[in-house]
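Worksheet: the structure to be examined is printed underneath.
The values are calculated or read from the model by the stated rules, or taken from the named source; none is laboratory data. Computed from a predicted model, the values in this text were never measured in an experiment. Neighbour counts are summed over all protein chains in view; Cβ atoms, including those assigned to glycine, are modelled from backbone coordinates with ideal geometry. What goes into the accessible areas is simple: the full protein's heavy atoms, side chains included, and nothing from ligands, DNA or RNA. Shrake-Rupley method; radii C 1.70, N 1.55, O 1.52, S 1.80 Å.
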Amino acid sequence: MSTIVAGHFQLQDEIDHARRELVRAGFSEDRISAFFLNQPGQHDQTPIGGDSMQSPGAKETPEGVLQGAATGGAVGVAVGAATALVTGPAGPIVGGLVGAHVGSLFSLSKMKDAGEKEEGSNANRYEPRQSGMLIAVAADQPDQEARAIEVLRGLGSHHIERAKGTIEGGDWTDFDPLSLPVLVQ
């Protein structure tokens with residue numbers, strides 16, 4: 001495993017120029033990896049697509065649906081029973097079903113608003129990586145790391161981050177788009 005220094009750019013031309021400059025600075029072409037990084041949530045990490053099986057903001061939704069349906073169903077049955085003389089024997093059943101449906105909408109109150117922090121959790125505390133072009137170089141020596149940072153800074157990289165990993169044949173084989181970036185100061 002090597003220290004990897006990665007810089008973010010927006011244009012392919014910037015990446016091509018950065019690759020040439022990194023090679024000129026003494027880095028081997030096969031130790032440089034460049035690729036487009038998708039937007040957060042679009043990394044296709046799960047069988048159904050996306051980055052996680054359930055949105056962190058919707059984790060209380062199932063219990064909210066059950067609470068709402070139970071409450072609404074009970075109220076609906078009570079109203080249906082009270083009006084059973086007018087509606088007949090189907091009144092409590094229809095009332096319960098309608099009440100359960102309306103009550104299940106209660107789950108909306110359990111969902112978070114966009115950007116709202118999750119109580120008791122750090123799930124939404126850190127900013128994920130932004131989308132765009134990423135160029136990464138494996139730096140096996142401390143002087144190589146400093147040289148890579150200097151080159152990327154000089155080229156106007158938007159963010160420069162440091163990670164541990166493996167770049168082989170121009171491919172960052174163990175890159176995890178969901179890992180938290182460690183920005184270089």
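For the range 166-185, a residue qualifies if it is open to solvent by less than 80 Å² (accessible area, probe 1.4 Å), out of contact with any Ser or Thr (no Cβ under 7 Å at 6 or more places or on another chain) and at pLDDT 90 or above, and exactly one does: 169. Restricted to the range 1-118, the set of helices (runs of 4 or more DSSP H) holding at least 1 residues that are surrounded by 14 or more Cβ atoms within 10 Å (Cβ to Cβ) and at pLDDT below 80 comprises 61-82, 84-87, 90-104.
Just to verify a result, which residue in the range 138-155, among those that are in a loop (DSSP other than H, G, I, E, B) and touching a strand residue (DSSP E or B) at 6+ places or on another chain (Cβ under 8 Å), is most open to solvent (accessible area, probe 1.4 Å)? Give the derivation first.
First, the residues of the range 138-155 that are in a loop (DSSP other than H, G, I, E, B): 140-141, 155.
Pick out the ones that are also touching a strand residue (DSSP E or B) at 6+ places or on another chain (Cβ under 8 Å) and you get 140, 155.
Working: 140: 86, 155: 51 Å².
Taking the candidates together, the pick is 140.
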